[in-house]
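For reference, the structure is listed below as structure tokens.
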Amino acid sequence: MSFPLLTVTAVVPAVGAVLTAAVPAARRTAAKWLALLFSLATLALAVLVAVRFEPGGARYQLTESHAWIPDFGVRYELGVDGIGVALIALTALLIPFVIAAGWHDADPLETNSSRWRPTQGFFALILLVEAMVVISFEATDVFLFYVFFEAMLIPMYFLIGGFGDRAHSGSDENAAAQRSYAAVKFLLYNLAGGLIMLAAVIGLYVVAGNFSLQEITAARAAGTLDMATNTERLLFLGFFFAFAVKAPLWPLHTWLPNAMGESTAPVAVLITAVVDKVGTFAMLRFCLGLFPDASKWATPVILVLALISIVYGALLAVGQRDIKRLVAYASISHFGFIILGIFAMTSQGQSGATLYMVNHGLSTAALMLVAGFLISRRGSRLIADYGGVQKVAPVLAGTFLIGGLATLSLPGLAPFVSEFLVLVGTYARYPVVGIIATVGIVLAALYTLVLYQRTMTGPVKEEVRAMPDLHLREMLVVAPLIALLIGLGVYPKVLTDIVNPAVEYTMSDVKRTDPKPEVAVEAVPAKNGEAAK
Amino acid sequence: MNPVNYLYLAALLFTIGASGVLIRKNAIVLFMCVELMLNACNLAFVAFSRMHGNLDGQIIAFFTMVVAAAEVVVGLAIIVSLFRTRHSASVDDASLMKL
Amino acid sequence: MENLIALLIAAPLLGAAVLLCGGRRLDKAGHWLGTLFAAASFGIGVALFTDMLGRAADDRTLSQKLYTWIPVEGFQADVAFQLDQLSMTFVLLISGVGTLIHVYSIGYMEHDERRRRFFGYLNLFLAAMLLLVLADNYLLLYVGWEGVGLASYLLIGFWQHKSSAATAAKKAFLVNRVGDMGLSIAIMLLFTTFGTFAFGPVFASVGNATEGKLTAIALMLLLAACGKSAQVPLQSWLGDAMEGPTPVSALIHAATMVTAGVYLIVRSAAVFNGAPDAQLVVTVVGAVTLLFGAIVGCAKDDIKKALAGSTMSQIGYMILAAGLGPIGYVFAIMHLVTHGFFKAGLFLGAGSVMHGMNDEVDMRKYGALRKFMPVTFVTFGLGYLAIIGFPGLSGFFSKDMIIEAAFAKGGTQGWILGGVTLLGAGITAFYMTRVMLLTFFGEKRWQPDAAGHEPHPHESPKSMTVPMVILAFGSVFAGAFFEIGERFLKWLEPVTGYEHGNSPVSAMAVTASTMVVLVVGVGIAWSMYGRRPVPVLAPRGSLLTRAARRDLFQDDFNHVVLVRGGEHLTRSLVYVDHSLVDGVVNGTAASVGGLSGRLRKLQNGYARSYAVSMFGGTAILIAATLLMRAV
């Protein structure tokens, strides 16, 4: 038996979580370093997974399979395809930044030192979320996936409800009430989705007799497993609902602005850049693979919802007064693009959607973390409380601008590649949808530049005059993210090479082929013939 | 043997006991009514035992009496301690556990 | 040789990276480094140019493929460059004028503490613009296209502490994004039609596509061009863009970036040739903008905004010429090059004037400056003569060609277009003469400002005047140089194609009528601003003047319809999200809570009521059991 690399990748952060939590309360800094160390070890393992993965090889690689609950055919089955590898890499990459950016977020409050802030718990929970997210990306057993898909709600709930943003308006009690509202809303929304999915999971077992993704997909493709049309559609809807809540898709999105607004910036990054990706990832892997016909049946409605998400999210982002809620609505708009790309069912769309998941993770992390640094300096989340920051803190403003430019998908930065692929892939099959989605790029420029203008430019406000520029720790967090955004924008081939084969498999799952160009392309005349007519 | 009359009596006693439990407030009276219901059941058991000509019913009646005795012990102790703390034997006064 | 192409872009890009990441260490040497990188790019350009001249006319295209950029099934985007005569023309213009403006900025930005950053942005602009003209496919062109937009955004808003500059920068980026939307839709159309968006294959197979498809692609490309080149209806950003430092206005908003739309149309000549309807729209857009810009230019008192109106109008000429098809492409590019010289020169002159006048931009507060700034006066004057088309100077040749080509379009269209271009030439003469008279002639009209500082007009330093002299040299001789022996035509023809148009009016007649409108325009301007003293405060003016001062109400329209409308839309959507979407969720939660509150009342704490429910339940159970038995 070979080395269980995937299990180890998921177990390492879990062990780290336990050890971090066990550090005595007085040794707070040691706990932070321990958590950082374990997250870096996970990153190393994720890199190893990416290296060991052969893009041209079998669909699922590094597989492990053990019996778990034999009576119900539940198995502990892991395996990764290119999409999984990309997302595991993203997760493992972002967690060290999240930990480093949140270095002081869980320190005891100076003003109110009687209140105990469980610093160790904060970092342990982050590592726990990482472990669960990683194993969701690896699971090829539907039940196993479901267990961790649901279980990650628990640490997230405590992260949102227990460690709020210190920058809040109004009294502490009021802020605590808001925070617990956000945490409960997050939990209830996702639990509701999860319960409907549980029903669908059980239904799937009744129909298929086991939980193995690979077996069911193969049987569906070979036609040996027939589902009644209505059964398939109901099961599809059960799965899709849970993923659409998590992703989130309009109109199931309202938990996200609350959750992102009330939690600290690193946790907000954890929600939108990492945890939510499980939703879109699962659409690609489970919805399309298990229920290809139902997916095609539901496509028109899903495309319309995705379009609404894109435009609606962007318009609401324009109307926000709170920086973090603005980023949350921007994310809703971006998730619309991802879902659009998945359900356009073209190679470009799905490759684009996968790249989008990675790139959105990076760009939101950059923007949100810098926004967090900004907010922690001034102690306010309201856009109107800032002005002229670039004069006093040019590096902060510059990194904020780059994060913003990445959010608006400026060519040359990574998100452009994915957004354009999604648009082209959508346009190729649904021209009208593609054109309406293009409006999103104008709106994205609007909310990003308005945010930048109101906070960073103009006369320097009195309250920000003494604002310090980025510290070394903060620069170390932001610089690699920016380097990655530029690197993947200029040379996305490293990612596409891994992702493309997986997308081909998904396309064959749903039995769709790309639309062909309308006209034949002539050979280019040998020399210099190009515009002559 | 025709048990009908015995059953009528048992039903009558049970109904009296049940209405007592529902209507009265005094814990002691309530307690006595519960005993009345138990004894109504005992009567029915014994009657059926006689009708079927075996001892099963009488054995169960003995069990019931044992349970009733144990109940009296625990129940009276509760009532006494309740009376000591609240100076009242009314069951309506002891409604602290409601939501 | 072709391996040098990437270096053209790499040099300024490296410069931008070094300057922007270098930190304060480089503050002292930053401007020199920036200029050096720009000059290096120009040097490479010249080397490539001489190499190109050494080869036969049909063997001049060089290409270089660096790597495959986005490889996805069926979608191949390469990072690959193509250098032909058209690109070469732009490379020389961009890097040449760019280098001059770098030199000029050394003096102009001398007292700005963020000068290093300014040069970093300028280098970034050069890199993006060179990428735009060197790309061999539309997607890479799009990268350059947005890259120049970004550089323009950063430079317009360079003085970010001024709210007006930040707003202008945002506006420019947003309006350009609308145009970019056109470009991205065009690329999608190209992809679904041809399965590729590389220039070579697309242009080779346009014959296979239907005219409808080509028209759609061409119109989307035109939308992109309108955004970048400030053509109606996306012209509103250019006037505000004058908030940027003057060298930026000269380089980006006069000589190079705003002409990218013309480049796009000429580059896509094959597509436009297959879509006559789209070409007609192009000419109409050009003609409308030509008059729009000219009228706006007549009314502005801000010297830079007057020049911005003029830029709009001149680019209108180019777009119009590009819309004429093969009879106009060459002349569009020729006018673009000569315009690059004289308009950059005029802007640098304006910057020099502002430099000497404490950054005053109101021409009504200038006057008689020719005595104080002789070099600026002469170079500005030569630029002025060139733009109005004074015989023998470069504008004369290039504009004449366009007017002739417009008549040659034939039929009623030809007469209308020709008439519009002639009228435009007259208005050009009027507003440029007005600028000239207000600035350099008449009485001195400046006064101490609020703080009591009286301007002391003085000539600018050498680093500023030398670029102005070089550009003035270009404004004077470029046209004649291009025209003698039809050099420019022969140079570009292999790329853009050329047909000689049959004008219903003879060339002599066109030239003569141009001269007439020129004299009339100059005469009217002189009678209004030269003969009598100019009031320092602008008179109320006629309805047209007032409208023109407000950019013909275009901004008011935008404000009312787009800004206000958008604000209302977002505000109501925020309300909808809060009350409706979230309201449904919170409502569900509240109703569940209410229901449980009501159920809670059943738990009243009385043992008796629990007993009743127990008895009741038992009774119902027994009854149900008996009933089931009975049935």
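Of note:
- Number of positions in the range A:378-402 that are away from every other protein chain (no Cβ under 14 Å), farther than 21 Å from residue A:364 by Cα and crowded, with 21+ Cβ neighbours inside 10 Å: 0
- When the range A:201-232 is filtered for residues that are surrounded by 18 or more Cβ atoms within 10 Å (Cβ to Cβ), in a helix (DSSP H, G or I) and not hydroxyl-bearing (Ser, Thr, Tyr), the ones remaining, listed by number, are A:201, A:204, A:208, A:213, A:215, A:216, A:220, A:232.
- Test result for residue B:11, hydrophobic (A, V, I, L, M, F, W, C), within 14 Å of chain C (Cβ to nearest Cβ) and out of contact with any helix residue (DSSP H, G or I) (no Cβ under 6 Å at 6 or more places or on another chain): yes
- Filtered by the rule that a residue be more than 7 Å from chain C (Cβ to nearest Cβ), surrounded by fewer than 24 Cβ atoms within 10 Å (Cβ to Cβ) and not in a helix (DSSP H, G or I), the range A:407-459 gives a lone residue, A:430.
- The sole residue among C:533, C:539 that is over 34 Å from the mean Cα position of the chain (by Cα), loosely packed, with under 13 Cβ neighbours inside 10 Å, away from chain B (no Cβ under 14 Å) and in a loop (DSSP other than H, G, I, E, B) is C:533.
- Close pairs from the range C:557-575: first within 13 Å of another protein chain (Cβ to nearest Cβ), partner modelled with pLDDT under 80 and part of a helix (DSSP H, G or I), Cβ under 6 Å, at least 6 apart: none
- Residue identified as out of contact with any helix residue (DSSP H, G or I) (no Cβ under 6 Å at 6 or more places or on another chain) and part of a helix (DSSP H, G or I) among C:602, C:573, C:621: C:621
- Identification of helices (runs of 4 or more DSSP H) wholly contained in the range C:232-283 with 3 or more residues that are crowded, with 24+ Cβ neighbours inside 10 Å, in contact (Cβ under 8 Å) with a residue 40 or more places away in the chain and within 14 Å of chain A (Cβ to nearest Cβ) yields C:260-267.
- Of all residues in the range A:53-87, those satisfying the criterion of being surrounded by 14 or more Cβ atoms within 10 Å (Cβ to Cβ) and closer than 22 Å to residue C:71 by Cβ are A:53, A:55, A:59, A:61, A:80, A:81, A:82, A:83, A:84, A:85, A:86, A:87.
Yes or no, residue by residue, for (1) over 21 Å from residue C:617 (Cβ atoms); (2) among the aliphatic types (A, V, I, L, M):
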| residue | (1), (2) |
| --- | --- |
| B:6 | yes, no |
| B:14 | no, no |
| B:23 | no, yes |
| B:31 | yes, no |
| B:63 | yes, no |
| B:73 | yes, yes |
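- Some residue of the range C:116-123 being of a type in the set (Lys, Arg), within 9 Å of chain A (Cβ to nearest Cβ) and more than 18 Å from the chain's Cα centre (by Cα): yes
- Single residue of the range A:461-513 satisfying the filter (closer than 30 Å to residue A:287 by Cα, surrounded by fewer than 16 Cβ atoms within 10 Å (Cβ to Cβ) and touching a residue at least 12 places away in the same chain (Cβ under 8 Å)) that is farthest from the other protein chains (Cβ to nearest Cβ): A:511
- Hey, residue B:61 under 28 Å from residue C:605 (Cβ atoms) and either free of Cβ contacts under 8 Å to residues at least 40 places away in the same chain or within 14 Å of chain C (Cβ to nearest Cβ) (or both) or not: no
- Some residue of the range A:123-130 being modelled with pLDDT of 90 or more, within 14 Å of the chain's Cα centre (by Cα) and not hydroxyl-bearing (Ser, Thr, Tyr): yes
- Output for the range A:421-476, where each listed residue is closer than 30 Å to residue C:156 by Cα and of a type in the set (Phe, Trp, Tyr): A:447, A:452
- The range C:196-211 - residue that is at the interface with chain A (Cβ under 7 Å from one of its Cβ atoms) and not small (Gly, Ala, Ser) and, of those, nearest to residue C:279 (Cα to Cα): C:203
- Checked against (1) more than 14 Å from chain B (Cβ to nearest Cβ); (2) touching a helix residue (DSSP H, G or I) at 6+ places or on another chain (Cβ under 8 Å); (3) of a type in the set (Gly, Ala, Ser), residue C:607 passes all but condition (1).
- Residue count for the range C:144-158 under the criterion of being surrounded by fewer than 24 Cβ atoms within 10 Å (Cβ to Cβ) and either at the interface with chain A (Cβ under 9 Å from one of its Cβ atoms) or of a type in the set (Asp, Glu) (or both): the result is 4.
- Among residues of the range C:353-391 being without any contact (Cβ under 8 Å) to a residue 60 or more places away in the chain and surrounded by fewer than 19 Cβ atoms within 10 Å (Cβ to Cβ), the one that is nearest to residue C:307 (Cα to Cα) is C:381.
- Residues being out of contact with any helix residue (DSSP H, G or I) (no Cβ under 6 Å at 6 or more places or on another chain) and outside any loop (DSSP other than H, G, I, E, B) - total across the range A:460-475: 5
- Residue B:15 vs. criteria hydroxyl-bearing (Ser, Thr, Tyr), surrounded by fewer than 15 Cβ atoms within 10 Å (Cβ to Cβ) and at pLDDT 90 or above: yes
- When the helices (runs of 4 or more DSSP H) confined to the range C:368-445 are screened for residues that are within 26 Å of the chain's Cα centre (by Cα) and more than 20 Å from residue C:343 (Cβ to Cβ), those reaching at least 1 such residues are found at C:394-408, C:411-440.
Let's see how each residue does on (1) modelled with pLDDT of 90 or more; (2) part of a loop (DSSP other than H, G, I, E, B); (3) farther than 23 Å from residue A:477 by Cβ:
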{"site": "A:11", "(1), (2), (3)": "yes, no, yes"}
{"site": "A:16", "(1), (2), (3)": "yes, no, no"}
{"site": "A:30", "(1), (2), (3)": "no, no, no"}
{"site": "A:34", "(1), (2), (3)": "yes, no, no"}
{"site": "A:37", "(1), (2), (3)": "yes, no, no"}
{"site": "A:42", "(1), (2), (3)": "yes, no, no"}
{"site": "A:55", "(1), (2), (3)": "no, yes, yes"}
{"site": "A:66", "(1), (2), (3)": "no, no, yes"}
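- For the range C:88-111, the criterion of being within 14 Å of chain A (Cβ to nearest Cβ), more than 27 Å from the chain's Cα centre (by Cα) and not in a helix (DSSP H, G or I) is met by none of the residues.
- Counted residues, the range C:153-175 - those being among the basic types (Lys, Arg) and in a helix (DSSP H, G or I): 2
The values are calculated or read from the model by the stated rules, or taken from the named source; none is laboratory data. Just so it is clear, the structure is predicted and the values come from calculations on it, not from any experiment. All Cβ positions, glycine included, derive from the backbone under ideal geometry; neighbour counts span all protein chains shown.
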